[in-house]
1. Exactly one of (1) in a helix (DSSP H, G or I); (2) surrounded by fewer than 21 Cβ atoms within 10 Å (Cβ to Cβ) is unmet by residue 199. Its number?
2. Check whether at least one residue in segment 328-338 is assigned to a helix (DSSP H, G or I), more than 20 Å from residue 363 (Cβ to Cβ), assigned by TED's automatic domain parsing to the domain that holds residue 291 and touching a residue at least 40 places away in the same chain (Cβ under 8 Å), and report yes or no.
3. Scan segment 379-404 residue by residue and report those that are free of Cβ contacts under 8 Å to residues at least 60 places away in the same chain and either touching a helix residue (DSSP H, G or I) at 6+ places or on another chain (Cβ under 8 Å) or not assigned by TED's automatic domain parsing to the domain that holds residue 162 (or both).
4. Say whether the condition of being under 19 Å from residue 138 (Cα atoms), assigned by TED's automatic domain parsing to the domain that holds residue 147, without any contact (Cβ under 8 Å) to a residue 24 or more places away in the chain and not in a helix (DSSP H, G or I) is met by at least one residue in segment 344-367.
5. Please go through segment 360-404 and pick out each residue that is surrounded by fewer than 16 Cβ atoms within 10 Å (Cβ to Cβ) and more than 23 Å from residue 317 (Cβ to Cβ).
6. Could you list, in sequence order, all residues of segment 142-155 that are surrounded by fewer than 24 Cβ atoms within 10 Å (Cβ to Cβ) and touching a residue at least 60 places away in the same chain (Cβ under 8 Å)?
7. Looking at residue 286, is it assigned by TED's automatic domain parsing to the domain that holds residue 383 and over 19 Å from residue 137 (Cα atoms)?
């Protein structure tokens, strides 16, 4: 039996799944043959190494043997591992210890992706980080700020533009994650938080990731073409930042600043989509505020990986600032609030804007003062809380525009 399983695994490795965009959009017919609870089988699937299983790629009906199909059911274990925050939780209530060996029972982690999407689509959803929407919010808020600032006094913002930019944020953030994972796959496998990502773990091949990236960019182009010509040029120019950002951690200790330039491009684009031009007295302070905000939250976030980054040899502001982190991000936080005040003043927002801005400043100050940069979980929680900062700023801009 052991020899048979060994030969089956070898045959699986020698029969790679066909790669096409259609594999992204359609579920495998063999998925119905997968066992719902592979950990309860008589065969000891728990001890199969995820790195080996990850080389299977997307499941395809290439094998007639029931036993070969059973091996593919282990693919669920890899998906559960990816969806966990630590990258070590597996399905069936098991956890892989760092040193290998038998798994130990623990609380299982799951998300809507595993519940509602076909198995062949799940790795692509995870590649686009659809299970972690905070990045989409952080990308969308600057767009929504500028679109609302550009609205006529006393009127609601353009709802169509808000919907377009919201959809664009999902696509562009997903494309950025795909690019990042393709370029960093050799680094991600060495970092605890990222080693179970689909490309790094081998569940998706680089070619499959590249095909998915093409689909994401094609859909993004469809949204961009619905804007005016000025916005199309401005939006297309952001791709240079999107494609080059993953390389910055190899070149400079300030990749978070470069991320700020990339993530807040929507502050320029949202205004241009409404006004067909840029008012630098309004959008430039707004853009700068977003860059400073990104330096705050992504420096906090980077402290989760600082030990791994040192081992791998990549750079970050967390390593640059070290024990002086709180002083640096306090300065960036103050600059963020100041720039937001200047932008709102130049946009002639009414008085209700400023109480909301004070509340946003309080929320940002709470993050900075209370974050424990030596605690990974606290760094992540403070990072995620930035959605409330974005919401407070947006609420202020909305009310300030409606009553102005």
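The values are calculated or read from the model by the stated rules, or taken from the named source; none is laboratory data. Keep in mind it's a predicted model, so treat the numbers as computed, not measured. Reconstructed Cβ throughout: ideal geometry from the backbone, glycine too, with neighbour counts over all protein chains shown.
1. Answer for residue 199: the failing condition is (2).
2. For segment 328-338, residues assigned to a helix (DSSP H, G or I), more than 20 Å from residue 363 (Cβ to Cβ), assigned by TED's automatic domain parsing to the domain that holds residue 291 and touching a residue at least 40 places away in the same chain (Cβ under 8 Å): absent.
3. 385, 388, 392, 395, 396, 399, 400
4. Looking for residues that are under 19 Å from residue 138 (Cα atoms), assigned by TED's automatic domain parsing to the domain that holds residue 147, without any contact (Cβ under 8 Å) to a residue 24 or more places away in the chain and not in a helix (DSSP H, G or I), one finds none in segment 344-367, hence no.
5. Within segment 360-404, 362, 403 qualify.
6. Correct list: 150, 151, 153, 154, 155.
7. No; evaluated as a whole, the condition is false for this residue.
Here is a yes/no grid of residues against (1) modelled with pLDDT under 90; (2) within 17 Å of residue 239 (Cβ to Cβ); (3) outside the structural domain of residue 262 (by TED's automatic domain parsing); (4) in contact with a helix residue (DSSP H, G or I) (Cβ under 6 Å, 6 or more places away or on another chain):
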residue: 169; (1), (2), (3), (4): no, yes, no, yes
residue: 175; (1), (2), (3), (4): no, yes, no, yes
residue: 180; (1), (2), (3), (4): yes, yes, no, yes
residue: 187; (1), (2), (3), (4): yes, no, no, yes
residue: 193; (1), (2), (3), (4): yes, no, no, no
residue: 196; (1), (2), (3), (4): yes, no, no, yes
residue: 200; (1), (2), (3), (4): yes, no, no, yes
residue: 203; (1), (2), (3), (4): yes, no, no, yes
residue: 212; (1), (2), (3), (4): no, yes, no, yes
